[in-house]
1. With respect to residue 395, determine if the residue is assigned by TED's automatic domain parsing to the domain that holds residue 342, closer than 21 Å to residue 257 by Cβ, surrounded by fewer than 20 Cβ atoms within 10 Å (Cβ to Cβ) and at pLDDT 80 or above.
2. Tell me, which strands (runs of 3 or more DSSP E) wholly within the stretch 295-375 include 2 or more residues that are modelled with pLDDT of 85 or more and outside the structural domain of residue 192 (by TED's automatic domain parsing)?
3. Give the residue, chosen from 155, 166, that is within 30 Å of residue 268 (Cα to Cα) and at pLDDT below 80.
4. Among the residues of the stretch 88-100, are any assigned by TED's automatic domain parsing to the domain that holds residue 12, outside any helix (DSSP H, G or I), touching a residue at least 60 places away in the same chain (Cβ under 8 Å) and touching a helix residue (DSSP H, G or I) at 6+ places or on another chain (Cβ under 8 Å)?
5. For residue 257, work out the one condition from (1) modelled with pLDDT under 80; (2) assigned to a helix (DSSP H, G or I) it doesn't fulfil.
6. Quick check on the stretch 349-358. Is at least one of its residues in contact (Cβ under 8 Å) with a residue 24 or more places away in the chain and more than 21 Å from residue 231 (Cα to Cα)?
7. Could you say whether any residue in the stretch 62-73 is buried (at least 17 other Cβ atoms within 10 Å of the Cβ), out of contact with any helix residue (DSSP H, G or I) (no Cβ under 7 Å at 6 or more places or on another chain) and part of a strand (DSSP E or B)?
8. Could you say which residue among 84, 37 is touching a helix residue (DSSP H, G or I) at 6+ places or on another chain (Cβ under 7 Å) and either within 24 Å of residue 170 (Cα to Cα) or outside the structural domain of residue 249 (by TED's automatic domain parsing) (or both)?
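The values are calculated or read from the model by the stated rules, or taken from the named source; none is laboratory data. Small disclaimer: the values here were computed from a predicted structure and weren't measured. Cβ placement follows ideal geometry from the backbone for every residue including glycine, while neighbour counts extend to all protein chains displayed.
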């Protein structure tokens, strides 16, 4: 469960003799809802954004400050903090560690945290938090970068060691990533399944340094003999102009897609380098007849994709971690295809929606199929028709089966 020390706190500090007008300008620039007030180098109270906004600009903060009614430890969970603030009816509390003020927590900020959906396994928020954060940063004119990661061959851990070990692998990576991120500059989310993402306002060079450090990480998990490895991709940090407010969401979606595709390409390139051979079209154990989608069933907590091939019914099931439908449909389709194509390990990036010729909406899918240590890059573009779940599943099937047996790249 996430603690108060894991979230962004208001850390603005003013001296008691400073003026409300000056404080208002800085608090607005920093996005602070509250700020600490110093007197004789000791924090003696706080002011809120509302109080400095309503006050005369020449009023000293010492005349506006309020004393702290409640303080909480940085180890307090978000839900426990919510209960305390509801009981005490405090709108701002001090968050402490070893008698030192870490920052201030406002009721408004706490409500925002409670509104996010959380992954109970890792304690991280899901992709909706990344989109919320990214939208806020872009609308404020800030430069952002996206780092996208997924665990190499994660399906093998579940198949070989079971889902309990698979959960340990997911949790271990979340802890590693949490160790290199800062709530002041970054947001870390579990994007879907074995995929994680970091949004950061660090300069592009600093983001790349963080990525280089990530690429050197190898961690061990109890029950797994070999170190667990993961791949990453990076996008952003080099816009030449600010997006308009109408195009912020499209800009963010593009950054996420580019980072995901970069991750996939780096993973494939590294596997090729390690194998000492070029990427080639390999012979995939293709079924005698192309599978037909017999059903795509969406439930509150899961998605099921059923395929039929030569009278054989094959089902793939994936858990839903939020309102999104695309990621679980991909995961369920991939699971069904790996059953249909034994010995294959399939990786699919997040699809890209775009407008094709004639103004028709299209969905493009990229990925890899690995078998016997050889990797095939696969892709497909499919028109969006009717049901989105069936469209995504169809695109994944088309991409995976695009590897033509016996054909080789030069």
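1. It is false that residue 395 is assigned by TED's automatic domain parsing to the domain that holds residue 342, closer than 21 Å to residue 257 by Cβ, surrounded by fewer than 20 Cβ atoms within 10 Å (Cβ to Cβ) and at pLDDT 80 or above.
2. Working: elements: 302-309, 312-319, 345-348, 352-355, 361-371.
By residue number, 302-309, 312-319, 345-348, 361-371.
3. Checking each option against the conditions leaves just 155.
4. First pass over the stretch 88-100, keeping only residues assigned by TED's automatic domain parsing to the domain that holds residue 12: 88-100.
Going one step further and asking which of them are outside any helix (DSSP H, G or I), we end up with 89-100.
Remaining after also requiring touching a residue at least 60 places away in the same chain (Cβ under 8 Å): 95, 97.
With touching a helix residue (DSSP H, G or I) at 6+ places or on another chain (Cβ under 8 Å) added as a condition, the list becomes 95, 97.
Taking every residue of the stretch 88-100 in turn, at least one turns out to be assigned by TED's automatic domain parsing to the domain that holds residue 12, outside any helix (DSSP H, G or I), touching a residue at least 60 places away in the same chain (Cβ under 8 Å) and touching a helix residue (DSSP H, G or I) at 6+ places or on another chain (Cβ under 8 Å).
5. The single condition residue 257 does not satisfy is (1).
6. Yes.
7. No, the stretch 62-73 contains no residue that is buried (at least 17 other Cβ atoms within 10 Å of the Cβ), out of contact with any helix residue (DSSP H, G or I) (no Cβ under 7 Å at 6 or more places or on another chain) and part of a strand (DSSP E or B).
8. 37
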